[in-house]
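Notes follow once the structure below has been shown.
The values are calculated or read from the model by the stated rules, or taken from the named source; none is laboratory data. Since this is a predicted model, take the numbers as computed values, not measurements. Heads up, the Cβs are rebuilt from the backbone with ideal geometry, glycines too, and the neighbour counts pull from every protein chain shown.
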Amino acid sequence: GGMAAELLLLLLLLAAGPGPGPGRAQRDALREELLLSPLPAGDVAATFQFRTRWDADLQRGEVSHYRLFPKALGRLVAALGVRELHLALTQGFWRTQAWGQPPLQAPAGAELWVWFQPTVTDVDKAWKELSNILSGIFCASLNFIDSTNTVTPTASFKPLGLANGTDHHLLRYAVLPREVVCTENLTPWKKLLPCGSKAGLAVLLKAERLFHSSYHSQAVHIRPVCRDASCLAVSWELRQTLTVVFDTFASGQGKKDWSLFKMFSRTLTDACPLASQSKVYVDISPKNKEKELLEVSPPPTSVHEAVVQGDKRTYAVYDLLSPLLFNTSRSLNVQLKWQRPQDSSELPTPVLHAQRYVSGYGLQTGEISTLIYNTHPYRAFPVLLLETVPWYLRLYVHTLTIITKGKENKPSYIHYQPAQDRRRPHLLEMLIQLPANSITKITIQFERALLKWTEYTPDPNHGFYVGSSVLSALVPSVIAMKDVDEEQSPLFTSLFPSSDGSSYFVRLYTEPLLVNLPTPDFSMPYNVICLTCTVVAVCYGSFYNLLTRTFHVEEPSRGGLAKRLANIIRKFRGVPPL
Amino acid sequence: ACAQLQLAVPVAVVFAPGSVSGDLPRPLPFGDVQETEIAVNQRTSVTSRYETVYRSTTAREEAALDAATAREADAALHLLQDASVGSLTVYVVPETSPLLPQGVSVYVGKHRSALVRAGGDLAALRTRLQQLTQVMSFTATSIAAALSDRVPDGQLGPDARRHLKSSLGYEITFSLLNPDPKSHDVDWDIEDAVNRYVQPVLDKLSLVANFSVDSQILYYAVLGVTPRFDKESSSFLLSAHSLPHVINPVEARLGSSAASLYPVLNFLLYVPERSHSPLYIQDKDGAPVPTNAFHSPRWGGIMVYNVEAPASPQASLPLHVDVDMVRVMEVFLAQLRLLFGLSWEELPPEFLLESPGNEGLADWELDRLLWAHTVENIATVSTTLTSLAQLLDKIGNIVIKDDVASEVYQAVASAQRAMAELAAGHLHSAFQASREAVTSSERAFFDPSLLHLLYFPDDQKFAIYIPLFLPMAVPILLSLAKIIRETRQRKKEPTKMD
């Protein structure tokens, strides 16, 4: 009897939880999640997601009292008429072929894309102002976003949140592939979290470990979402995500075992007291032929099964808000020890992946080649390809060829906007049908332009970056997918709209390219000045001497050296001198 | 940087029947003008000019003055005046008038008028009037504070630099700092409190500047100083000398205003951690500060809000706390007044001020602010344009675009108009003109085309041509040396001849 009463009390306490207090109902909520997925070759991907939902309409302007939603971003959204904002800062490149489909990929460097409200009259001005303010907030060089690297894609980037219309004139997209991401970008990102890095999952975000990794990507996504199922009111959602890939094999003395402490040099002790959900998911899907689940310690609070990106996955779940978790030990240190060292067989190659490179020789012309792989055994599907190429690579559109299985592949949709020198970049968008089990090769030739000497970057011999091209596709799933409850499924299933049960949305970024441009010898002007000045000065000197020298007849002197020598000899001989 | 300002204050002195002093120089109505010089520095002179009109009451004013209390009389008189911004009306009531309480000889109302008890001769009335006009318009110190960057350092009082610089707008941010969300679940109804207490004041102040108000809650934000534990009172103490170090670590979390360039006023409500409560602020003498708050000049204020410990130690955490917003807003509003330089100091003892009521601000206090801000704006414009002129003098080949030039012309014209309006006693239009002048001058000064780094400095041009100048200088220098040698020799030779 007593036992049951105690249990009931416990349940009641749990239900009350740390969520809204007894007073007013809170209109905002925070959910934090960490997904750990072991990758082949001993890498571990850790993805953090902090989701703040606010049941208020930021656009109305009268809202100015912030609780969990960061004030800096909220004011930005309200002041500049932003409908949707996606900013990602990435160091490194997600190797899709080796690591599989990423939960949320971003191109190397900085990527920013924004949908503005239809009420914004001067979108370019708002975009410029927005990038300047964001550059201040995140300590990134986003202020270098200008018309030469901004494009307006027509099809590739659709709003991810609630949207009434999709007039693409309200969209701006820019990538800065040169941007280097480091601690100074992480600190302001962490400052936006309600708990900072003081409690909850964010205590793991230690800069010295996060940047000692193969891939680091942090992002901010703001979008309006439906408040409830009836969707009569709007809520605003802020997602802060951070993905990092650790090479445990290299750092663990040849062992692929990992633990939270080994990766982050911290362990988890509590949930953020403001969070209504705080969970750690570990991907324990079977890797070997026997279909054995991976074993993690301590034992998880529950196990969750889901179909993610066309793949059946099993997750071990640790609920940090459950009091049972911290009963036995004060801290949570999730560990994975491989039973046999050769466990982790090959990862099945992802259905869609791509590669891009630049070819050609000399400094005049070149060729950009993109290879898109569809490894699906029997389904063909279309893919949207977005290329932005800076103006100083002049694309020859007539050389655009798309070849699949030795035959020409005509794209069903092409949007091409040619570049204008120093004004805007090339924009090429194509919808290409990828036959089942095929490789599609897209090539286009270009000519390198000559830049003015002030337009070169500080280290011009390093080369000039061309941003990643973007592939967006609805990839047919190999296995049937169930309709999942979006709010309950782990991580990112709900950022991209899921269509029917048979396919899932994938956005991939290719490698950024590094192209050499003809680079002048920058010391040349000074050399020329020095040389000509010297010549002029020498001429001037002799001319001056010629003009100012006075000639006069010199009387013969007392004799030269020979005479003096002769006199010395004569002195020795006792003969009178000459 | 040279400025002669004349501040004209229209004053009307109205004599109620039975209060006219016997030694008036002329029969009513008549007017006179009093000028005084306010010394700032050699190049800036401010003259205050009180243009006083003396008259007797009209019938309706007389009726209004028959009210039972001073407050009612003030309200009734307000309806009869068409008091423009900056003007003052003083009603002289008989010495035995029941309107003023015992011991009070001057009553300052909510609007732009005051009641003065008659008594003594005209000279006594004049000194009283002078005190009154200084309270209700400006004093030498308030003008000096407005011109603080022109006044030599030693001459300003400690309070002079507390006031906010004049600006076109201000952003007010209320932040609730909860360093310990595990133990305290703090909730404040800031939206209601702002609407109820802050907005009326800001509506009144909207004549002076644009205001925007927002609030945020910051968790795990700690003060920069660890408070000292006091065994006697079993509480924690923050001493006055450690307060300067409190703000810095908090400031990093507050976040800057991204979308505007206006100065930010921060008001922080700090709920101390459970392990550091209760927390009290001590003043210089070691006594606890009754409001448990302090302010930082030109920055804002901080208030410490202690949470009462729960009766039973077993109470479940987090403890829900509803902040008493009346108590908090009282302190913050007082600090806001202080930051705008609206404090009732140095008041003669026989003065009585009417409480401004819900608006938090009397009309004449607004005028005080306008006088100070107008003077400050004109001084700022003059400083900005002077430094712009200095910059242009320094770079000979700088390009001044037409729009920059027109902004400069407009700034000068507006500043001159502001000065003319001040001299004419039209405070409101003077203030508007001075604001326009500030806007134009700042726009001209911060125009991106006037960045001096855009222009190649002349000394570097010379360095580039050194390979030319150096070899060319060699033969010239050599021949110079030769000429000197020869003249010396020529001088020596004749002496040898002797």
Here the residues within the range B:16-38 that are outside any loop (DSSP other than H, G, I, E, B) and more than 15 Å from residue B:379 (Cβ to Cβ) are B:30, B:31, B:32, B:33, B:34, B:35, B:36, B:37
Answer with yes or no whether residue B:424 is within 30 Å of residue B:9 (Cα to Cα), surrounded by 10 or more Cβ atoms within 10 Å (Cβ to Cβ) and in contact with a Lys or Arg (Cβ under 8 Å, 6 or more places away or on another chain).
-> no
When every residue in the range A:143-198 that is outside any loop (DSSP other than H, G, I, E, B) and within 14 Å of another protein chain (Cβ to nearest Cβ) is compared, the one farthest from the chain's Cα centre (by Cα) is A:191
Would you check which residues across the range A:87-97 are under 28 Å from residue A:376 (Cβ atoms) and touching an Asp or Glu at 6+ places or on another chain (Cβ under 8 Å) and list them?
-> A:88, A:90, A:93
Evaluate the following for residue A:322: is it surrounded by 13 or more Cβ atoms within 10 Å (Cβ to Cβ), in the same structural domain as residue A:95 (by the TED database) and small (Gly, Ala, Ser)?
-> yes
List every residue pair whose Cβ atoms sit under 8 Å apart, with the two residues 6 or more apart in sequence or on different chains, where the first one lies in the range B:43-68 and is in contact (Cβ under 8 Å) with a residue 60 or more places away in the chain and the second, anywhere, is hydroxyl-bearing (Ser, Thr, Tyr) and surrounded by 15 or more Cβ atoms within 10 Å (Cβ to Cβ).
-> B:50/B:133
From the set of residues in the range B:185-194 that are touching a strand residue (DSSP E or B) at 6+ places or on another chain (Cβ under 7 Å) and farther than 13 Å from residue B:218 by Cα, which is farthest from the other protein chains (Cβ to nearest Cβ)?
-> B:194
From A:11, A:30, A:7, grab the single residue that is modelled with pLDDT of 70 or more and either in a strand (DSSP E or B) or surrounded by fewer than 22 Cβ atoms within 10 Å (Cβ to Cβ) (or both).
-> A:30
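This table checks each residue for (1) modelled with pLDDT under 90; (2) buried (at least 22 other Cβ atoms within 10 Å of the Cβ).
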{"site": "A:213", "(1), (2)": "no, no"}
{"site": "A:240", "(1), (2)": "no, yes"}
{"site": "A:244", "(1), (2)": "no, yes"}
{"site": "A:257", "(1), (2)": "yes, no"}
Residues in the range B:483-495: is at least one part of a helix (DSSP H, G or I), surrounded by 12 or more Cβ atoms within 10 Å (Cβ to Cβ) and away from chain A (no Cβ under 13 Å)?
-> no
In the range A:363-392, how many residues are part of a strand (DSSP E or B), closer than 21 Å to residue A:436 by Cα and of a type outside the set (A, V, I, L, M)?
-> 6
Filter result for residue A:131 (among the hydroxyl-bearing types (Ser, Thr, Tyr) and in contact with a Leu (Cβ under 8 Å, 6 or more places away or on another chain)) = yes
Checking A:533, A:539 in turn, the sole residue that is out of contact with any Pro (no Cβ under 6 Å at 6 or more places or on another chain) and at pLDDT 85 or above turns out to be A:539
Could you say whether any residue in the range A:166-177 is within 22 Å of residue A:68 (Cβ to Cβ) and not polar (S, T, N, Q)?
-> no
Go over the candidates B:137, B:215, B:167 one by one and state the one that is out of contact with any Cys (no Cβ under 8 Å at 6 or more places or on another chain) and at pLDDT below 85.
-> B:137
For the range A:160-185, the count of residues that are in contact with a helix residue (DSSP H, G or I) (Cβ under 9 Å, 6 or more places away or on another chain), surrounded by fewer than 18 Cβ atoms within 10 Å (Cβ to Cβ) and under 29 Å from residue A:225 (Cβ atoms) equals 1
One residue from B:60, B:49, B:26 being farther than 21 Å from residue B:364 by Cα and at pLDDT 85 or above = B:60
Would you call residue A:111 acidic (Asp, Glu) and buried (at least 22 other Cβ atoms within 10 Å of the Cβ)?
-> yes
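Table: residues versus (1) under 30 Å from residue A:315 (Cα atoms); (2) crowded, with 22+ Cβ neighbours inside 10 Å.
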site	(1), (2)
A:66	no, yes
A:75	no, yes
A:78	no, no
A:81	no, no
A:94	yes, yes
A:98	yes, no
Identify, from the list A:411, A:435, A:425, the residue that is under 15 Å from residue A:151 (Cβ atoms), surrounded by 13 or more Cβ atoms within 10 Å (Cβ to Cβ) and touching a strand residue (DSSP E or B) at 6+ places or on another chain (Cβ under 9 Å).
-> A:425
Considering (1) at pLDDT 85 or above; (2) buried (at least 18 other Cβ atoms within 10 Å of the Cβ), say which one residue B:255 fails and leave the rest.
-> (1)
Qualifying residue in the range A:215-224 (condition: farther than 22 Å from residue A:45 by Cβ and small (Gly, Ala, Ser)) | no
Report, by residue number, each residue of the range A:523-537 that is more than 29 Å from residue A:459 (Cα to Cα) and more than 7 Å from chain B (Cβ to nearest Cβ).
-> A:535
Just a yes or no: is a residue in the range B:229-247 under 20 Å from residue A:75 (Cα atoms) and in contact with a helix residue (DSSP H, G or I) (Cβ under 8 Å, 6 or more places away or on another chain)?
-> no
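Quick grid of which residues meet (1) loosely packed, with under 15 Cβ neighbours inside 10 Å; (2) at pLDDT 80 or above; (3) over 30 Å from residue B:10 (Cβ atoms); (4) over 50 Å from the mean Cα position of the chain (by Cα):
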| position | (1), (2), (3), (4) |
| --- | --- |
| B:383 | no, yes, no, no |
| B:396 | yes, no, yes, no |
| B:410 | no, yes, no, no |
| B:417 | no, yes, no, no |
| B:428 | no, yes, no, no |
| B:431 | no, yes, no, no |
| B:440 | no, yes, no, no |
| B:474 | yes, yes, yes, yes |
Options B:280, B:270: the member that is surrounded by 14 or more Cβ atoms within 10 Å (Cβ to Cβ), of a type in the set (Phe, Trp, Tyr), within 30 Å of residue A:187 (Cα to Cα) and out of contact with any helix residue (DSSP H, G or I) (no Cβ under 7 Å at 6 or more places or on another chain) | B:270
